[in-house]
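The values are calculated or read from the model by the stated rules, or taken from the named source; none is laboratory data. Since the structure is predicted, the reported quantities are computational estimates derived from the model, not experimental observations. All Cβ positions, even for glycine, are placed from backbone atoms using ideal geometry, and neighbour counts span all protein chains on display.
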Amino acid sequence: MAIRTYVRTAAVLSVTSLALFGCSSSDDSGSTDSTAAGGGTAAAETTVSTDCEPEQATAGATPVTDPLVVGTLLPNTGSLAFLGPPEVAGVQLAVNDINAAGGVLDQPVTLIPGDSGDTTTDTANTTVDRLLAGGADVIVGAASSAVSLQVIDKITSAGVVQISPANTSDQFVCYPDSGLYFRTAPTDVLQAQALADLIAQDGAQRVSILALNDPYGTGLANNTVENLEAAGIASDQLQTIIYDPNAQSYNAEIDDVNNFAPDAVAVIGFDESARIITRMHELGIGPSDGTLVYGVDGNMGNALGESMAPGLLDTMRGTTPLTDVGTAFQDRLKTVDPALVDFNYAGESYDAVVIPALAAVQAGSTAGVDIAANINSVTKDGEKCTTFEQCLPLLQAGTDIDYDGVTGALNFSDAGEPATGSYGNLVFGPDNTLTTDGYIVVGE
């Protein structure tokens, strides 16, 4: 597809959220298996192909008109538990709005909440078993790409829709899911473009990439390299190092970076990024030392700043999936959870409920395969509408709709994911706190 990339200037907004780990889970460890290439150590060959014709669901012969049942597979416990409250609130608010507008097929939506835990437990599998036994037609989650990969076969083989508000790994683009897996968060194929755009705009010519060894880290690293090469940086001026996130020390990897003498370093990681950047500072190649240092959604949060010495992150930039959902939506979320202070992926969670609900109305059926066969179409190429209440009468009149959600235009591709990604251009200040310095939008 043709790709366009541009930066939209915006007022500087305070970012008070924690680091966005929703893309994958930091507890997925692996050995650092590196070989020399491009002047340093390089990633093992873990590139995931996204060149495919994604599977599409086929509607069943007989509609099912039972009430729509939505289950959640969201992190109430585990390493991603901080993501749970905004995601849970987004789902509940969506169900409330749908039911207030008349429900799906004139019946209220039933919500069954469930915990995903993380990859150190079997919580997700246990929850999925319970949701399937409870008759779930749609399961919203997981937040972690690694957790979703543990349960995707069980969900989709049962003919149930899985739709994640936070998975970003490119492994899902061509995954054999019978056309039943979807996500409202943009893939890291798009985030790699945004990250490479930031790096190239700053004039970097020699770049090191440090990435954790899991589906998220290796995929984002490889896609970033491809985009940097497309931006004109020679392959021998790029260094990729894949590290074990659970390692006791990252000294050897960071020494390799220092020896490569880059003018820019991208750190694709999670909470271990604090230890990595602290060690970089000890060698004089940290962001506060004048090196161009970049992060991603896994570490570009105020939690990183709070875990490091004051000032060490000054000037560090990075990307995270981000749209300005506005204070009105945040206030509505607080009616569900008054204690809510962070809003990470809340909008994506809200849309992850509304989209399959609209698809069920269009299908005239709440069967998973019927919903899946209609999901992509309700997000594009029709009459625009922005709420379930606004879209419902259009569908009932037989009108083709284009739902633009809380997170903006969706325009799902054949892979069942946003064809356009909006990313915050985030920057740490001298007090180690983040602000949003505009947005980077990439897509068709």
* Asked: Has region 360-375 got any residue that is under 14 Å from V161 (Cβ atoms) and charged (D, E, K, R)?
  -> yes
* Asked: Could you say whether any residue in region 196-215 is crowded, with 24+ Cβ neighbours inside 10 Å, in a helix (DSSP H, G or I), in contact with a helix residue (DSSP H, G or I) (Cβ under 7 Å, 6 or more places away or on another chain) and of a type outside the set (A, V, I, L, M, F, W, C)?
  -> yes
* **Residue satisfying condition, being among the polar types (S, T, N, Q), free of Cβ contacts under 8 Å to residues at least 60 places away in the same chain and under 22 Å from D115 (Cβ atoms), within set T156, T168** => T156
* Considering only residues of region 167-195 that are small (G, A, S) and outside any loop (DSSP other than H, G, I, E, B), which is nearest to T156 (Cα to Cα)? -> A192
* Structure fact -> V173: passes all of (1) buried (at least 24 other Cβ atoms within 10 Å of the Cβ); (2) more than 12 Å from the chain's Cα centre (by Cα) but (1)
* **Residue list for region 133-147, filter: assigned to a helix (DSSP H, G or I), hydrophobic (A, V, I, L, M, F, W, C) and in contact (Cβ under 8 Å) with a residue 60 or more places away in the chain** => A146, V147
* Please work out which residue is surrounded by the fewest Cβ atoms within 10 Å (Cβ to Cβ), limiting yourself to region 80-123 and to residues that are more than 17 Å from the chain's Cα centre (by Cα), of a type in the set (A, V, I, L, M, F, W, C) and part of a loop (DSSP other than H, G, I, E, B). => A101
* Asked: If you go through region 270-280 one residue at a time, how many are in a helix (DSSP H, G or I) and either surrounded by fewer than 20 Cβ atoms within 10 Å (Cβ to Cβ) or of a type in the set (S, T, Y) (or both)?
  -> 4
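To keep it simple, each residue is scored yes or no on (1) within 26 Å of L358 (Cα to Cα); (2) touching a Pro at 6+ places or on another chain (Cβ under 9 Å); (3) not aliphatic (A, V, I, L, M).
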site	(1), (2), (3)
E389	yes, no, yes
L395	yes, no, no
T399	yes, yes, yes
D402	yes, no, yes
L410	yes, yes, no
A419	yes, yes, no
V427	no, no, no
L434	no, no, no
* Asked: Which is of a type outside the set (G, A, S), within 26 Å of Q107 (Cβ to Cβ) and either touching a Lys or Arg at 6+ places or on another chain (Cβ under 7 Å) or buried (at least 24 other Cβ atoms within 10 Å of the Cβ) (or both), of T399, T386, T407, T379?
  -> T379
* Structure fact -> Considering region 304-326, residues that are part of a helix (DSSP H, G or I) and under 15 Å from G269 (Cα atoms), and then whichever is farthest from the chain's Cα centre (by Cα), we arrive at G305
* Asked: Of the residues that make up region 223-238, is at least one surrounded by fewer than 24 Cβ atoms within 10 Å (Cβ to Cβ), modelled with pLDDT under 95, touching a Ser or Thr at 6+ places or on another chain (Cβ under 7 Å) and polar (S, T, N, Q)?
  -> no
* **Output for region 95-125, where each listed residue is touching a strand residue (DSSP E or B) at 6+ places or on another chain (Cβ under 9 Å), closer than 12 Å to L73 by Cα and not charged (D, E, K, R)** => L111, I112, P113, G114, S116, T123, A124
* out of contact with any Phe, Trp or Tyr (no Cβ under 7 Å at 6 or more places or on another chain), outside the structural domain of Q171 (by TED's automatic domain parsing), surrounded by fewer than 21 Cβ atoms within 10 Å (Cβ to Cβ) and within 30 Å of Q193 (Cβ to Cβ), is that true of G429? -> yes
* **Single residue of Q191, Q150 found to be without any contact (Cβ under 8 Å) to a residue 40 or more places away in the chain and either crowded, with 24+ Cβ neighbours inside 10 Å or over 24 Å from I440 (Cβ atoms) (or both)** => Q150
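Taking P338, is it of a type outside the set (G, A, S) and without any contact (Cβ under 8 Å) to a residue 40 or more places away in the chain?
So P338 passes the test.
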* Would a scan of region 285-303 turn up a residue that is part of a helix (DSSP H, G or I) and closer than 26 Å to V341 by Cβ? -> yes
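Within region 327-442, considering only strands (runs of 3 or more DSSP E) that don't extend past its boundaries, which have at least 3 residues that are of a type in the set (S, T, Y) and either at pLDDT 95 or above or out of contact with any Cys (no Cβ under 6 Å at 6 or more places or on another chain) (or both)?
420-428
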* To do: For region 243-258, indicate whether the set of residues that are free of Cβ contacts under 8 Å to residues at least 12 places away in the same chain, of a type in the set (A, V, I, L, M, F, W, C) and over 14 Å from L210 (Cα atoms) is non-empty.
  => no
